Amino acid sequence: MFHTFNSGQNPSSTSSGTSSSSRRRSNAVHACEQCRRRKIRCDGQRPCEACQWYKKVDLCYYSDPLPSQKHTEKLSATLKEYEGVFKKLFPGTALDSLSSLSRDKLLDIATRGQTRLPNTPAISPPPETHPSQLSPESDDLESLQSIPEAASDNRDSHFQVIVASVTDDVNALSLSSKQPSSYLGISSVHAILKVINHLSPGSIPSNSNTPPPQSHQWDSSFAMGIHPDISPIHSHPNRHQEEERMIHAYFENFHPLTPLLDEITFKEHYHSRTDRRWNALLNMVFALGSIAANTADNMLHEEYFKRAKTFLDLDALGQPHLETVQTLSLMGGHYLHYISQPHLAYCLVGAALRMAATLGIHREFSGNNDSKQNSLAELRRRVWWSLLCMDTWGCETLGRPSLGRWGPGITAKLPQYSKGREHMSSILPLVENIRYCRVVTQVQDMTVTPMINHAEMVNLDNQLLEWYENLPELLKTYEPCLSATAIARTVMRWRYRNQRILLYRPALLSYAMRRIPYIALRSEERAAIEKCRSLAEETIQDISATTNANPMLGWNGVWIIFQATMVPLLGLFITDETNADPRASRESCQTLVESAMNTLERMQLWSPTALRSLDCVYRIYDASKRETEPGGAGNSSAMMRGGYHATTITTASRPQISTIVPPAQLSVNRTTGLQSPVTAPDLMTDPVYYVPDQETFDFLAYTNDPMGTGFSSTQFVSDNTAALWMQQNTPAFMQHPMDDGTYFMGPTTSILQNIMQ
């Protein structure tokens with residue numbers, strides 16, 4: 001039996017409707033990049049509805065569709081035809097050399113067959129670059145890099161020099177909210193301050209806007225870098241005796257680490273030379289000797305530095321000389337770091353390296369056996385390697401690439417032991433520092449990327465450990481030893497520990513920014529974080545235990561303990577009850593910070609930056625205490641309050657989610673949010689309760705990235721278990737709002753079902 005049904009629509013309308021539908025499908029817009037990342041439906045508007053809902057209007061953009069294969073093949077064929085015609089007309093001629101010529105000239109060249117143009121070398125196009133897409137909204141370590149802004153300050157440069165010691169944004173001692181004027185990577189202090197501000201926006205006050213705590217005992221009678229009473233150089237009654245004392249202090253404190261000068265030759269020239277190049281070098285030795293011979297409130301070194309600058313101008317850069325290299329090295333490698341101007345120091349050391357390469361100091365030349373030539377060759381070796389070490393030390397906390405300190409073109413030999421036991425002990429710290437800097441250069445080149453592979457991290461740390469374990473006993477614990485050797489080996493030990501902190505610190509920053517529970521991290525990432533905390537604790541305790549402080553140890557100790565203290569300071573803003581590491585507890589972090597503040601207070605006599613560093617640490621520490629107060633600024637944004645709890649979700653209230661959708665499309669019983677921990681649920685008989693084990697969390701936290709981005713790329717809701725936390729109208733994870741990248745957990749996966757069974 002057949003039945004016939006009459007349709008109310010005629011064929012023309014049906015066909016038109018079909019064509020209209022197909023036309024709509026063919027003209028359908030593609031999704032914006034943000035919707036693609038979230039894997040949600042996009043309406044194709046500019047901005048789309050989803051981006052408006054997520055308040056990401058400025059990030060809503062559409063990438064151009066890729067051309068079809070047919071179109072690409074056609075373009076390639078056309079390009080080959082053009083290339084063939086060009087080669088026939090201008091054989092052997094580069095395109096760039098012809099692009100600026102007129103039509104008549106091109107015709108003339110083509111008719112004459114001239115294929116080589118005078119004074120017009122062919123220039124290869126630069127390699128294609130792929131700039132990283134930085135987004136201040138993303139929880140990625142890329143956003144911790146500080147990109148410099150264009151300078152808009154037209155104030156007199158003399159005023160900037162006066163305040164540079166307290167406003168140099170490289171060290172971040174001013175806690176300024178302004179964008180730094182130079183690029184800084186994730187190894188810098190700015191990166192940690194950004195993470196703290198990310199966890200608790202607005203909690204860190206700026207030194208430039210608020211006065212230091214007058215009621216606190218850590219005040220000082222002198223301000224860093226500014227002193228009203230500066231004695232004229234020539235007013236000292238025993239000027240020559242004072243200068244000889246400063247020369248001795250220089251060779252006692254600075255020379256063992258960086259033997260840039262020949263002590264005997266220098267003292268001979270001291271009484272005989274008066275030329276400009278010599279005066280620039282001499283006054284820099286006086287400046288550093290004044291630092292080593294006096295306490296931090298003595299500003300005589302500023303006068304010597306000003307005098308040295310009058311003898312050193314830009315013309316000196318065009319007249320390379322070994323003494324100019326030595327002067328620039330002392331300025332950029334030591335003095336400018338002492339007065340807290342590391343940016344200028346970085347530039348001057350770079351200029352010194354270029355001038356040294358101009359003089360061929362980086363090369364080893366075979367000469368005769370003349371003793372004078374051998375002494376000069378040895379001095380050149382020490383100058384080159386001292387300069388390389390100072391460049392390495394100065395870049396440790398900048399997060400900038402090394403720009404190639406090592407390579408086949410550098411053939412200079414290591415300094416030689418040639419003058420007996422006394423000479424060996426004086427040159428030994430430099431030789432071991434060269435080996436140290438070789439490893440540190442690898443670390444710096446690796447840590448310019450946001451996160452390095454864990455295996456590479458461990459490999460570099462093992463190289464640092466091997467270097468320290470293989471140090472001669474004289475540079476470790478041997479007693480008795482000369483005062484100069486004791487200073488050198490102490491500074492070397494502190495730098496070694498600080499470098500290991502910087503190697504592991506990105507893992508801690510990544511953990512803090514992602515706001516995920518500690519037990520959800522992979523085992524190797526937890527190990528890196530715990531190693532960072534352990535090294536910071538050891539460094540603070542080591543520097544705090546130093547009793548024989550002097551200007552050299554005080555200056556280096558203040559800066560390194562300031563770096564180490566950033567780790568427990570960051571820990572004060574992280575609340576994660578799933579972390580069982582005792583060093584991560586608030587009490588442990590507070591103890592370390594207070595110990596560091598006591599040390600900084602004690603070091604004020606020897607370091608001009610101790611007061612400012614102490615004030616910076618105190619302000620952040622005080623802000624962390626306000627975070628824990630009821631109604632504090634950071635209570636709503638603190639990380640993972642309450643820690644991880646098991647969650648009760650009934651079958652009726654558990655939504656069946658097949659894809660990631662905005663919350664407006666979900667119907668969720670919000671009365672079943674995070675509750676207090678359930679006591680001993682029967683996991684075998686009650687499928688509602690489920691507490692994931694560590695293997696599950698390791699799986700969830702694993703991505704293709706060596707240090708995965710947490711739950712952002714993980715999607716799961718099993719038939720028997722679900723984890724959907726809601727707080728008011730906002731989706732939440734562990735009682736806190738989730739970022740858009742970790743919005744909902746998606747469809748069921750068989751892998752997780754196998755794990756959970």
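Bear in mind these aren't lab numbers, they're just calculated from the coordinates by the rules spelled out. What you see is a predicted model, and the numbers here were worked out from it, not measured in a lab. All Cβ positions, even for glycine, are placed from backbone atoms using ideal geometry, and neighbour counts span all protein chains on display.
A straight line joining the Cα centroids of region 525-548 and region 55-71 runs 48 Å. As a calculated quantity, the FRET efficiency between Ala549 and Ala580 at R0 = 41 Å, using C-beta atoms, amounts to about 0.65. Every Cα-Cα pair in region 274-325 was counted, and those over 15 Å apart are 46% of them. Annotation: extensible slack from Asn459 through Gln373 equals 26.8 nm (criterion: 0.36 nm per residue apart, minus Cα-Cα distance).
For a test of the definition: using alpha carbon positions, the gyration tensor, and the 1.5 limit on a/c, classify region 568-615 as rounded, prolate or oblate.
Cα axes put region 568-615 in the prolate bin.
Pairs with C-alpha atoms separated by more than 32 Å, drawn from the list Lys55/Lys531; Lys70/Lys105; Lys267/Lys413; Lys413/Lys531; Lys531/Lys625; Lys56/Lys80, are Lys55/Lys531; Lys70/Lys105; Lys413/Lys531; Lys56/Lys80.
Here r is the Cβ-Cβ distance between Leu359 and His271 and R0 is 41 Å; the resulting FRET efficiency, rounded to 0.05, is 0.95. Cα centroids of region 257-326 and region 568-626: 38 Å apart. Quick one: if the Förster radius is 45 Å, what FRET efficiency do Ser588 and Trp406 give, using the C-beta to C-beta distance and rounding to 0.05? In this case the efficiency is close to 0.70. Classify region 69-112: rounded, prolate or oblate, from the alpha-carbon gyration tensor (a ≥ b ≥ c, eigenvalue square roots; a/c under 1.5 rounded; otherwise prolate if a/b is larger than b/c)? Note, shape of region 69-112 comes out prolate. Stretching Thr78 away from Ile264 to a fully extended chain increases their span by 59.6 nm, per 0.36 nm per residue minus the current alpha-carbon distance.
Couplings 3J(HN,Hα) of region 185-197, computed from phi: x, 6, 7, 8, 5, 4, 4, 5, 4, 5, 5, 4, 5 Hz, in residue order, whole Hz [Karplus 6.51 cos²θ - 1.76 cosθ + 1.60, θ = phi - 60°; x for Gly and Pro].
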